[in-house]
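Derivation of every value follows stated rules applied to the coordinates shown; laboratory data play no part. On a predicted model such as this, the values are computed, not experimentally measured, just so you know. All Cβ positions, glycine included, derive from the backbone under ideal geometry; neighbour counts span all protein chains shown.
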Amino acid sequence: MGLNLPIAGILVYAAALVGLYLLGRFLAMPLKWLLRLVGNVLLGGVAIFIINAIGSGLGFCIGINPLTMAVVGILGIPGAALLIILKLIL
């Protein structure tokens, strides 16, 4: 009888550690995705700033706001082209 309790305790601790590991892995995935998204949005803002610096001599300017930064950050070069075309059309 005395030998079953320590083995049961070890199994409970092992199960708890496995559970914590799986919980950490589950929560780390969305955090990585969110950090990647924030980084891309910030790079989108830098790209819009560069577009504005180049286009300032032509009187061309795209507003830097969270939406335009997200479009360029998520879509990349096609997103920047989309914003330029929309600015020229409107």
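Worth a mention:
- Qualifying chymotrypsin sites (Phe, Trp or Tyr not before Pro) in the stretch 1-87, DSSP loop, other Cβ atoms within 10 Å at most 15: Phe60
- Mean projected area (nm²) of the alpha-carbon convex hull when the chain is viewed from all directions: 7.5 nm²
- By the helix-only formula, in which each DSSP H run with n ≥ 4 contributes -39500 (n - 2.57) and the sum is divided by residues, the chain has a 222 nm mean residue ellipticity of -29500 deg cm²/dmol.
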